[in-house]
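Undergrad: Please find one structure pasted underneath; my questions will follow.
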Amino acid sequence: MRLNAYLARAGVASRRGADELIKAGRVLVNGQPGQLNTFVAARDRVEVDGKPVAKQKLAHLLLFKPAGVVTTASDPQGRRTVVELVPGEPRVVPVGRLDADTTGALLLTNDGQLAHRLAHPRYEVEKVYEAELEREPTDEAMRKLAEGIELEDGRTAPAKACRLGPKLIELSIHEGRKHQVKLMCGAVGCPVTRLHRSRYAGLDLSGLEPGKWRALSVGEVEELRRLSGRSEG
Ligand code: URA
């Protein structure tokens, strides 16, 4: 998060007050003077006037996102957000996004570095979706979904597509483009009527009811760090 937001959250000053401290050179990040555009993660060492600012405790939560809730930290239209379904302290934000009508596995964290890496296509974190379709897909449609679909922003990467029922498929993808699954299925003539993410980076929803969350175990966080190419704590 931005340095001024970090300082505000730590109770040092308002964001504007924090900007003044930064401009005055009173804030160091890992020993270097902070700038207005400096981004800090919970692991960074921040000092104001030579005194360390208390670090945020890292939190990694898995939420079973219900339908009708938006994946943003605040919604200008006043709709309920995923952030309202988890504890406010320490404050966490969603990694990537699910559409308001999509249900399923959503990770929320204040570990900015990990979140950034998980969301980066380079690390190819697997997302598994169950999509209910308006009609039964042909074999040709299933093949196209697996091989890649030409979307407005380019061709989708190869995916795994299998049938779970006549109008129900499982699609495993590694990208996170906006409305990707709906656009892919729509492009092969099978609009999505219901979308659920059953797994995210190997995490599934067992034991969780819609709207409920759980903290990840230390082992699960380590595995996410490994998947995102970062093994240190
Ligand atoms: N693809 C979509 O179309 N919607 C989602 O919410 C997630 C992936």
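Undergrad: Hey, which of these cross-link pairs are over 25 Å Cα-Cα: Lys57/Lys127; Lys23/Lys178; Lys144/Lys182; Lys57/Lys212; Lys127/Lys178?
TA: Lys57/Lys127; Lys23/Lys178
Undergrad: Additional query: Per residue of the stretch 164-172, in order, report the coupling 6.51 cos²θ - 1.76 cosθ + 1.60 (Karplus, θ = phi - 60°) as ³J(HN,Hα) in whole Hz, putting x for Gly and Pro.
TA: 10, x, x, 10, 10, 10, 10, 10, 10
Undergrad: Just Ala146, Ala13, Ala59 to compare: in a GNM of the chain, with alpha carbon springs under 10 Å, which one fluctuates most?
TA: Its mean-square fluctuation being the largest, the pick is Ala13.
Undergrad: Using only Cα atoms, locate the centre of the stretch 62-130 and the centre of the stretch 167-227, then give the distance between them in Å, rounded to an integer.
TA: Here the two parts' Cα centres lie 11 Å apart.
Undergrad: Ignoring the sites themselves, what is the longest stretch of the chain with no GluC sites (Glu not before Pro) in a DSSP loop and at most 11 other beta-carbon atoms within 10 Å?
TA: The answer is 1-151.
Undergrad: Nearest 500 deg cm²/dmol is fine: what mean residue ellipticity at 222 nm does the chain get from its DSSP H runs of n ≥ 4 alone, each adding -39,500 (n - 2.57), divided by its residue count?
TA: The helix-only estimate for the chain comes to -6000 deg cm²/dmol at 222 nm.
Undergrad: With springs connecting C-alpha atoms under 10 Å apart, model the chain as a Gaussian network and identify which of Arg214, Arg155, Arg97 has the largest mean-square fluctuation.
TA: The residue that fluctuates most here is Arg155.
Undergrad: Under the Kirkwood approximation for Rh and a Cα-based Rg, what ratio Rg/Rh is obtained for the stretch 1-133?
TA: 1.04
Undergrad: Once you have the Kirkwood Rh of the stretch 21-95 from its Cα pairs, apply Stokes-Einstein at 37 °C and 0.692 mPa s and quote D in µm²/s.
TA: Approximately 223 µm²/s, per Stokes-Einstein.
Undergrad: How far, in nm, would the chain grow between Arg43 and Ala146 when pulled straight, counting 0.36 nm per residue and subtracting the alpha carbon separation?
TA: Full-extension gain reported as 33.2 nm.
Undergrad: Average the reciprocal distances over every distinct pair of alpha-carbons in the stretch 126-200, invert the result, and give the Kirkwood radius in Å.
TA: Radius from the Kirkwood sum: 11.9 Å.
Undergrad: Most mobile of Asp99, Asp139, Asp19 per a Gaussian network model of the chain (Cα springs, under 10 Å)?
TA: Largest GNM mean-square fluctuation: Asp139.
Undergrad: While we're on this one: Of all alpha-carbon pairs in the chain, indicate the percentage at a distance above 34 angstrom. List each step's numbers first, then the result.
TA: Details: 6654 of 27028 pairs.
In whole percent, the long-distance tail amounts to 25.
Undergrad: Take the alpha-carbon positions of the stretch 3-53, form their convex hull, and give its projected area averaged over all directions (one quarter of the hull surface) in nm².
TA: Quarter of the Cα hull surface area: 2.8 nm².
Where a number appears in this text, it was derived from the coordinates with a stated rule and is not lab data. Just so we're clear, the structure is a prediction, and the values are computed from it rather than from any experiment. Note that we place each Cβ from the backbone using ideal geometry, even for glycine, and neighbour counts take in every protein chain shown.
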